[in-house]
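To start, the structure under review is shown below, and the notes come after it.
Readers should treat all values here as calculations from the given coordinates under stated rules, not as data from a laboratory. These numbers were taken from a predicted model, which means no experiment stands behind them. Positions of Cβ are generated from backbone atoms using ideal geometry, with glycine treated the same way; all protein chains shown enter the neighbour counts.
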Amino acid sequence: MNVFFEEDGGFKVGHVMSDIGTSLQIESISGKRSKIKANAVVLRFESQLDQFMPAAQALAAEIDADFLWEVCGKDEFGCEELAQEYFGHKASALEAAAVAQKLHGAPMYFYKRGKGRYQGAPEENLKAALASVERKKRETEQMAAWIAQLKAGEMPDEMRSHRDTLLYNPDRNTLLVKACETAVAETHTSLPLLFFRAGAWANKATAQHDYHVGKFLADYFPRGREYKGLVDTAEPAELPIAAVRAVSIDDATTTEIDDAFSINHLDADHVEIGIHIAAPALYFDNESALEKLANDRLSTVYFPGDKITMLPGDAIVHATLAEGRLCPVVSYYATFSTATFQLESTRSAIERVHIEKNLRINELESYFDETAVSNSAADGVFGAEMILLHKVAKALGTRRGKNENEQDRVDYNFEIIDGRVAITTRKRGNPIDTVVSELMIFVNSEWGKLLADNGVAAIYRAQQNMKTRMTTDALPHEGLGVPQYAWSSSPLRRYVDLVNQRQLIAFIRGETPPYPKRSPVLNEIARRFDITYDAYNEFQRNLERYWCLRYFEQEGISQFDGALIRDELVRANSLPLVVKLAKNPELPPKTAVRVQVGELNYWDVSGEFSLVEPLV
């Protein structure tokens, strides 16, 4: 006696060695013996064991599942019953086994109800299941076509319109993404490169750059970089007009002019220096759409050849300190002795100030330099005023304990014209930098102290143990040597400055500040700003690195000189670039080295770099 039984989700056959009613000892065709439960047996048969399964499978292949479903009825049935109905006579074990295999292999048509027992699927369920199978078949064919196109260097039309989503925010449940993942796996090629070869970017010359910018925008500007709302600014109410005329100092390309300076000789022994900060907080309140935008963006984003402003251009135009205008400002006045330039008194005011001139650094450098400072005379526009401001700035630097022997860092400027990059350097610490930086440090520190001393909440930039962070506690900034430092001087560019400005304006006016002490909202703004500001800076560094690599190719540079930081890391001497050598040269830090430039990868902004030789 042989049995046809179900085990591990399929059918098997075996010869019965013993049968004790509840279980059977059987021997398979291979000779293996095992024990099965009696209720696992579907059929018993006498025919030859080794030919039974192949014959049943062959017969099952001839049975039409649609016809079998039509004759099965709505009630539960056994495979022997249905076999009799299908074949029109008492079914043999072979015929019953064939039907059982057909039933088992067509789960859309027949629902399993027990060992050897089934029930026909309801008509609407079967139609849905068959439609699903057909849809999956079409989808499989469509995916295969897309994959073939990508591998052949052709961008499918359906992918072209979803390029950025596929690159930056892929939904792995979609066919397009599955096709991309399969093509990447089969070609061992990154998706950006696969798309590039398929012509996904109209301008191949800028494709890699556009990819990096696009990824950043997808992460931090998902609704786009352009502001599409109404610029709901309103001219501030009547403000007193300051009896001073101010000048600003900025790069030639600066449009967000946040700060300006004025000089008022009170008498022969005293001079009052005014630091005037643009006041966007007076143009829109903290419930406006512009405030929400600033709260979302948190800062202006700078990167080579471009920037994304925190506030839209129309709002900036209103509040920027443009020359020839009478601009609303929050001012900080400091009175100094003209003999020693010691600080004697301070005051704050909300007012309008006339902006006499927007001085540009590239023009100012031509006559206000170290020589002019040494001679205590500068012949250009506002030259005398610049010399006086420099004396005040030097005194402020001494007041906070600035190390005059400190090495000033180098700024790198990137100019992108028609896809070519020019990288120029500018050493910081010249007289212009001294004036601007010291006066900004001064006003941010003093306003921070004013708010802290009067119990008004603010956001501070603190540095302790070489770690810099935003906090709502008035903690020291050790790097600057000040007891507290509340960013307040760039409210057009940084949201924390705008928030602090609102707090400051409320205090000066004797009003309740928008944010109370220990405000969880203020803490959350500080936390988000820290994270976002770091991300923006990392994006800027990444794009600068990209253009440095482009510069190598553009100028045909195959080697460059640098200094070892540690292990395999080398800092280039004349570019803002740190590279990793292919092998640890096992040299001490600060060793001068020459580096060979190998293959460059603009998609992940990397390259192959190797040591040529140490430079003695």
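So for region 435-523, considering every pair of alpha-carbon atoms, how many percent are separated by more than 19 Å?
Cα-Cα pairs in region 435-523 separated by more than 19 Å: 32 percent.
Enumerate the lysines that Lys12 could reach by cross-link, defined here as Cα to Cα under 23 Å, with residues fewer than 8 away along the same chain left out.
Of all the lysines, those that pass the test against Lys12 - Cα under 23 Å, at least 8 places apart if same chain - are Lys32, Lys35, Lys37, Lys90, Lys102, Lys112, Lys115.
Excluding residues fewer than 8 places away in the same chain, name every one of the lysines whose C-alpha is closer than 24 Å to that of Lys151.
Correct list for Lys151: Lys136, Lys137, Lys178, Lys204, Lys215.
Given a Förster distance of 22 Å, report the FRET efficiency between Thr187 and Glu158 from their Cβ-Cβ distance, rounded to the nearest 0.05.
Given R0 = 22 Å and the Cβ-Cβ separation, E is 0.70.
No solvent, one uniform scatterer per C-alpha: report log10 I(q)/I(0) for region 471-616 via the Debye equation at q = 0.14 1/Å, two decimals.
-0.79
Hey, how much of the P(r) for region 125-220 falls beyond 19 Å, as a percent of Cα pairs?
Distances greater than 19 Å cover 45 percent of the Cα pairs.
What length, rounded to one decimal in nm, is gained on full extension from Ala205 through to Glu287, with 0.36 nm per residue of separation minus their alpha-carbon distance?
25.2 nm
What ranking do Leu504, Leu282 get, fewest neighbouring Cβ atoms within 10 angstrom at the top? Spell out each step's value before the answer.
Details: Leu504 27, Leu282 23.
Ranked by crowding around the Cβ, least crowded first: Leu282, Leu504.
Lys449: which aspartates and glutamates have alpha carbons under 13 Å from its alpha carbon, excluding same-chain residues fewer than 8 sequence positions away?
Cross-link targets: Asp473.
Counting pairs of alpha carbon atoms under 8 Å apart in space and at least six apart in sequence, what relative contact order in percent does the chain give?
After rounding, I find 8 percent.
What FRET efficiency would be calculated for the residue pair Val616, Asp232, taking the C-beta separation as r and a Förster radius of 60 Å, to the nearest 0.05?
Computed FRET efficiency for Val616 and Asp232: 0.40.
State, to one decimal in nm, how far the label point of Val381 lies from the label point of Asn542, with both points 7 Å from Cα in the Cβ direction.
In this crude label model, Val381 to Asn542 measures out at 4.0 nm.
Helix 431-453 against the longest principal axis of the chain: what's the angle in degrees, Cα atoms only, rounded to the nearest 10?
Roughly 80 degrees, rounded to the nearest 10.
Report, in degrees rounded to the nearest 10, the 0 to 90 angle that the Cα long axis of helix 123-151 makes with the longest principal axis of the chain.
50
Only helical DSSP H runs with n ≥ 4 go in: add -39500 (n - 2.57) per run for the chain, normalise by residue count and round the 222 nm mean residue ellipticity to 500 deg cm²/dmol.
Only helices count here, giving -12000 deg cm²/dmol.
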